[in-house]
Each structure stands twice: as C-alpha cells, then as structure tokens.
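One structure is given here, and the rest of the page talks about it.
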Amino acid sequence: MKYPICKHGDTRLGVVTITLERGDSTIVFRQVPGEMCENCGESFHSADITEALLRQAEMVVA
Ligand SMILES: [Zn+2]
C-alpha cells in the first residue's frame, strides 16, 4: 500500500520504534510491528497497536 502521508513510497512491514510522551515522561517502545515507508522512512502502525501502547504507557507512568 502507499504511505498515506507522502503518497510516494510503498510501505513494507517491519519493526518500528515508537516514542510516546506522557507529561514529563518519554516512553520508547522498540521492535513494534508496523510499516515503514520506503520513500521517506516514516513509520506507522495500526490504531490497535497505538491504543495498546498507550495503555502500557499509562501503567508505566502511573
Ligand atoms: Zn513516505
């Protein structure tokens, strides 16, 4: 599929690094399954994964 932001590159499956900021804390998730754009290198992942990560982040920060 085409990457929706730059609309040039094709995406390919891989693992991505996601950084979430919660207040003063920054939480980094590595090796998250996602897709990466071959053109601009941007990565993205499904809403399900974002939600799961946010839930984990809440636990870490709380
Ligand atoms: Zn792109």
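Close contacts from the stretch 8-19, counting a first residue that is outside any strand (DSSP E or B) and a second that is within 13 Å of the ligand (Cβ to nearest atom), with Cβ to Cβ under 7 Å and a gap of 6+ residues or different chains, come to HIS8/ASN39; GLY9/TYR3; GLY9/CYS37; GLY9/GLU38; GLY9/ASN39; GLY9/CYS40.
Residues are listed down the side, and each one gets a yes or a no for (1) among the hydrophobic types (A, V, I, L, M, F, W, C); (2) without any contact (Cβ under 8 Å) to a residue 12 or more places away in the chain:
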| position | (1), (2) |
| --- | --- |
| SER25 | no, no |
| VAL28 | yes, yes |
| CYS37 | yes, no |
| CYS40 | yes, no |
| SER43 | no, no |
| LEU53 | yes, no |
| GLU58 | no, no |
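Computed from the coordinates by the stated procedures, all read-outs in this text should not be read as laboratory data. Computed from a predicted structure; not experimentally measured. Neighbour counts are summed over all protein chains in view; Cβ atoms, including those assigned to glycine, are modelled from backbone coordinates with ideal geometry.
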